[in-house]
Amino acid sequence: MSELTIYNPTDIEPKWQARWEKEGLYQAEIDPSRTKFYALTMLPYTSGDLHIGHWYAMTPPDARARFKRMQGYNVVFPIGFDAFGLPAENAAIKKGIHPKTWTYANIEHMRKQLKSMGAMWDWQREMISSDPEYYRWTQWFFIQLYKHGLAYRKYSPVDWCPHCQTTLAREQVQGEDRHCERCDTPVIKKELEQWFFKITSYADDLLDYSTIDWPERVKTLQTNWIGRSEGASVIFHSEQEDPIEIFTTRPDTLWGATFMVLAPEHPLVQKITAPTKREAVDAYIRQASRQSDIDREASDKEKTGVFTGGYAINPVNGERIPIWIADYVLMTYGTGAIMAVPAHDQRDFDFARKYGLEVRVVIQPADIEPQEGATMQASVPAIGDMVNSGPLTGTPGKQAFSSAIEYIESRGMGKAAVNYKLRDWLISRQRYWGAPIPMVYCQTCGWNAVPENQLPVLLPDDVEWQPTGVNPLTIHPTWKNTTCPVCGQPATRETDTMDTFMCSSWYHLRYLSPNYDQGPFRQQDYGYWMPVDNYTGGIEHATMHLMYTRFFHKALRDMGITKGPEPMLQLRNQGIVLGEDSEKMSKSRGNVISPDELVARYGADSVRAYLMFFARWEMGAPWSSTGIDGAYRWLRRVWILFTDPVEKGNPDPELLRALRRKLHQTLKQVTHDFEVFEFNTIVSGLMELLNEMYRAREKGAAGTVEWNEAVDVYLRMMAPVTPHIAEELWAFLGKPYSIHQQPWPAVDYEAAADELITLIVQVNGKLRDRIQVPVGISEQEAEAAALQSEAIRKFLEGKPPLKVIVVPGRLVNIVV
């Protein structure tokens, strides 16, 4: 046993971090004799600086991965960087720094910050999504999706700056008037031909959560985003006999459709618009093109529209109904056309009243008086029997849906259908800093994939940056010029790059075989490590990354590349660390907490402990500068207790039994809490046990077998939470290196059980029952236990006792 002085984390932590890295303590290798555990936390974006939110997201899952390792699992816990994206291009334009230079300088800084956490990341598996060795396989995956009919090209609207002549990302469109952040020019919508993945082909598969343990909130968000609804596809016709397809979840209200509404972008608008309405229609289309889909769909937005002068024929009754355009109907949802039933839809009702359109009741709710369309004050629920519905009038509500489907199908007007809110995944980005889409266009042969032996299609380094933000790949003098892989004639590369969510859809697979160059991963690595056993990260990714990675896995599974129904078996989400002002942290508010400063002052272990202690992990809470002092004081008290010279005493055997009881009760609790991600009670439990150990030492417990057991188990429980101090104290006690290779201690349930005594329970001085209660029970707890006795409740007859007398440790006398 060596001598230690005061607790100094600035000496201890770098020392052990260097040794762990040098000796490869956390490198994971395939071992068929052990059960694997793939722990994964969402990789950070290369913003240049880790904030306290990164620590909050990462250190508790690291502690749990360490716990699983001590339980005997062969744990892999990799780390990498999500490195492509718009911020790097903004840096290039604003600061004159090449995105590659900016990104890799940030990675170097963030790597040092990450290592200061003392996490058990397997750095030999590091991947960076902007490395050509990585995006080669991102491009390869694109080609596989293309070959299997899951990647296609079509026109789609983008935000466009007419002055800069470039597309804008959502975050580059500023203000309620939607102007360009660079030049303040009003932004418009423009149709561009872009690449999509057919995620809609997997809509029903994505609704199956039967094999995964994911939070209900995430599953609900994904379910709502997919938006599966059953109904009917019905064909109306314009007076020019153009078919207009609509989807409705209520085919039984078809007879109540008194007008149609098309999205301003609908391809039939120009054809059906009457000459007298052309000017108003064109002006409305221009106005709608400047709005985002979110703004157009806002429930509190006043509904506006313009009559086209055209009419459609309602197929069920042959009526001629007016066709309007309105910005609340989107081409990106459904067919871009709706039938409006104002009597039974409040949005349609408000629109009809505003523009003087007919309202016709076709469903009569049983609990509402019959309504007149001309005088009703609001829409009524479409729950009840069918009325004013031609041959289906009188159809009971329970049969209305099926009867309407049968009616339209038998007459060729439509059919039963399923609709989804989910749209195909738009992956094209008119950006430089992303993985180039590996497609080539030839005037003769059309679009074809780059041959796989020519991957990766590398980004050129010699690019020019325009203040307008135009994609440098489109103006590069030579990069886009290539030859057609089919006919060998001159051809043009695709200048769009991929959505960065494409890169993060498969990064968990590259961690398996980061240096493998014959494929994205080795099959033997996949067979051993996959699927991911536990995945952690923010719930804000529920309908993007977390859905895309599931789609990606399922699509590759059907190609025979991956296996099993899901990529990640268990998901857990962390909450948010707010500023001390209870607001979201931001530089503009001045409430950002720098973990680097905290590490320099308190050490990484104190930061780790406080982040696990101060809030329920899935909820988060405001930061407290004074709160972290408590975590630091706890570690100093541990240090003092375990390094002070041991003075052997002659303790009471009951004291030692009580120490073991508290030790194993704490071990039982901590084990449970690690399993269920209740990190805050792990630290509080260790603090309580430490207080018990101090009291036991004062009464002579130090140096006993029970004391030595408590010290040993305590350090093992600390090790996942505060790995550096646990390693240092373990070495100080002369125990074998490393504590992080030791097994998790086993709970002695017999020792953890509360010792019981028998209390006599009297009613009016007569013995009526005997009850077993824990040693040391309080008078209030003894009274409550006695009053809950079945035997005693018979004597009380539901009445409160007049008086209860408790003789501690002996009896309870109830006076009735």
> Filter segment 421-445 for residues that are at pLDDT 95 or above and either in the same structural domain as Asp131 (by TED's automatic domain parsing) or polar (S, T, N, Q) (or both); which is surrounded by the most Cβ atoms within 10 Å (Cβ to Cβ)?
Replying inline: Gln443
> Which pairs do you get when a residue that is within 11 Å of Ala366 (Cα to Cα), found in segment 379-391, comes within reach of a residue that is part of a loop (DSSP other than H, G, I, E, B) and of a type in the set (Lys, Arg), reach meaning Cβ atoms under 9 angstrom, with the pair 6+ apart or on two chains?
Replying inline: Ala382/Arg250
>> With surrounded by fewer than 19 Cβ atoms within 10 Å (Cβ to Cβ), within 18 Å of the chain's Cα centre (by Cα) and of a type in the set (Val, Ile, Thr) as the only criterion, which of Thr543, Thr500, Thr536 stands out?
In response: Thr543
> Given the conditions (1) touching a residue at least 60 places away in the same chain (Cβ under 8 Å); (2) on the phi > 0 side of the Ramachandran plot, and given that Asn573 satisfies all but one, which numbered condition is not satisfied?
Replying inline: (2)
>> Take residues that are more than 27 Å from Val599 (Cα to Cα) and tell me which of the helices (runs of 4 or more DSSP H) falling wholly in segment 644-746 contain 2 or more.
In response: 653-675, 679-698, 705-718
>> For segment 96-114, check the following and say yes or no: at least one residue is in a strand (DSSP E or B) and either free of Cβ contacts under 8 Å to residues at least 24 places away in the same chain or crowded, with 22+ Cβ neighbours inside 10 Å (or both).
In response: no
>> Residues that are under 30 Å from Trp225 (Cβ atoms) and surrounded by fewer than 20 Cβ atoms within 10 Å (Cβ to Cβ): does segment 604-616 have at least one?
In response: yes
> Residues in segment 448-492 that are open to solvent by 60 Å² or more (accessible area, probe 1.4 Å) and closer than 17 Å to Tyr146 by Cα: how many?
Replying inline: 4
> Within segment 550-593, can you find the residues that are out of contact with any His (no Cβ under 7 Å at 6 or more places or on another chain), closer than 26 Å to Thr223 by Cα and among the polar types (S, T, N, Q)?
Replying inline: Gln570, Asn573, Gln574
> Which condition number in (1) assigned to a helix (DSSP H, G or I); (2) crowded, with 16+ Cβ neighbours inside 10 Å is the one that Val158 fails?
Replying inline: (1)
>> Asp605 - would you say it is assigned to a helix (DSSP H, G or I), acidic (Asp, Glu) and closer than 30 Å to Glu698 by Cα?
In response: yes
> Among the residues of segment 222-260, how many are within 26 Å of Gly397 (Cβ to Cβ) and open to solvent by less than 50 Å² (accessible area, probe 1.4 Å)?
Replying inline: 20
>> If I ask for residues that are aliphatic (A, V, I, L, M) and assigned to a loop (DSSP other than H, G, I, E, B), which ones from segment 486-509 would you list?
In response: Val486
>> Let me confirm something: among Glu706, Glu698, Glu688, Glu779, which residue is over 25 Å from Asp644 (Cα atoms) and open to solvent by 30 Å² or more (accessible area, probe 1.4 Å)?
In response: Glu779
>> If Arg360 meets every condition in (1) in a loop (DSSP other than H, G, I, E, B); (2) of a type in the set (Lys, Arg); (3) over 25 Å from Ile235 (Cα atoms) apart from one, which number is that one?
In response: (3)
> List the pairs whose first member sits in segment 735-746 and is aliphatic (A, V, I, L, M) and modelled with pLDDT of 95 or more, whose second member is surrounded by 10 or more Cβ atoms within 10 Å (Cβ to Cβ) and assigned to a loop (DSSP other than H, G, I, E, B), and whose Cβ atoms are under 9 Å apart, counting only residues at least 6 apart or on separate chains?
Replying inline: Ile739/Ala719
> Being open to solvent by less than 30 Å² (accessible area, probe 1.4 Å), more than 28 Å from Ile188 (Cβ to Cβ), in contact with an Asp or Glu (Cβ under 7 Å, 6 or more places away or on another chain) and in a loop (DSSP other than H, G, I, E, B), is that true of even one residue in segment 328-340?
Replying inline: no
>> Cβ-Cβ under 6 Å, sequence separation 6+ or interchain: first residue in segment 275-302 and under 10 Å from Asp327 (Cα atoms), partner open to solvent by 50 Å² or more (accessible area, probe 1.4 Å). Which pairs?
In response: Ser289/Ile188; Ser289/Lys189
> Is it the case that Lys415 is in contact with a helix residue (DSSP H, G or I) (Cβ under 9 Å, 6 or more places away or on another chain), open to solvent by 60 Å² or more (accessible area, probe 1.4 Å), outside any loop (DSSP other than H, G, I, E, B) and not aromatic (Phe, Trp, Tyr)?
Replying inline: yes
>> I'm told Val218 meets every condition in (1) crowded, with 18+ Cβ neighbours inside 10 Å; (2) in a strand (DSSP E or B) except one. Can you identify the failing condition by its number?
In response: (2)
>> I need the full set of residues from segment 797-816 which are hydrophobic (A, V, I, L, M, F, W, C) and without any contact (Cβ under 8 Å) to a residue 40 or more places away in the chain, in order please.
In response: Leu802, Val804, Ile805, Val806, Val807
> Among the residues of segment 18-28, which ones are in contact (Cβ under 8 Å) with a residue 60 or more places away in the chain, open to solvent by less than 90 Å² (accessible area, probe 1.4 Å) and on the phi < 0 side of the Ramachandran plot?
Replying inline: Trp20, Leu25, Tyr26, Ala28
> Is it the case that some residue within segment 771-792 is outside any loop (DSSP other than H, G, I, E, B), outside the structural domain of Gln17 (by TED's automatic domain parsing), over 23 Å from Leu686 (Cα atoms) and among the hydroxyl-bearing types (Ser, Thr, Tyr)?
Replying inline: no
> From the set of residues in segment 743-776 that are within 24 Å of Leu802 (Cα to Cα) and among the aliphatic types (A, V, I, L, M), which is most open to solvent (accessible area, probe 1.4 Å)?
Replying inline: Leu767
> buried (at least 21 other Cβ atoms within 10 Å of the Cβ) and aliphatic (A, V, I, L, M), is that true of Ile325?
Replying inline: yes
> If you scan segment 29-80, which residues turn out to be buried (at least 24 other Cβ atoms within 10 Å of the Cβ), touching a Pro at 6+ places or on another chain (Cβ under 6 Å) and closer than 19 Å to His109 by Cα?
Replying inline: Trp55
> in the same structural domain as Ser233 (by TED's automatic domain parsing) and loosely packed, with under 15 Cβ neighbours inside 10 Å, is that true of Glu406?
Replying inline: yes
> Pick from Tyr507, Tyr526, Tyr511: which is of a type in the set (Phe, Trp, Tyr) and within 30 Å of Ile93 (Cβ to Cβ)?
Replying inline: Tyr507
>> Please go through segment 47-94 and give me each residue that is among the hydroxyl-bearing types (Ser, Thr, Tyr) and under 19 Å from the mean Cα position of the chain (by Cα), ordered by number.
In response: Tyr56, Thr59
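The values are calculated or read from the model by the stated rules, or taken from the named source; none is laboratory data. Just so it is clear, the structure is predicted and the values come from calculations on it, not from any experiment. Quick reminder, even Gly has a Cβ in these numbers, built from the backbone with ideal geometry, and neighbours come from all protein chains shown. SASA here: full protein model, heavy atoms, side chains in, ligands and nucleic acids out. Shrake-Rupley method; radii C 1.70, N 1.55, O 1.52, S 1.80 Å.
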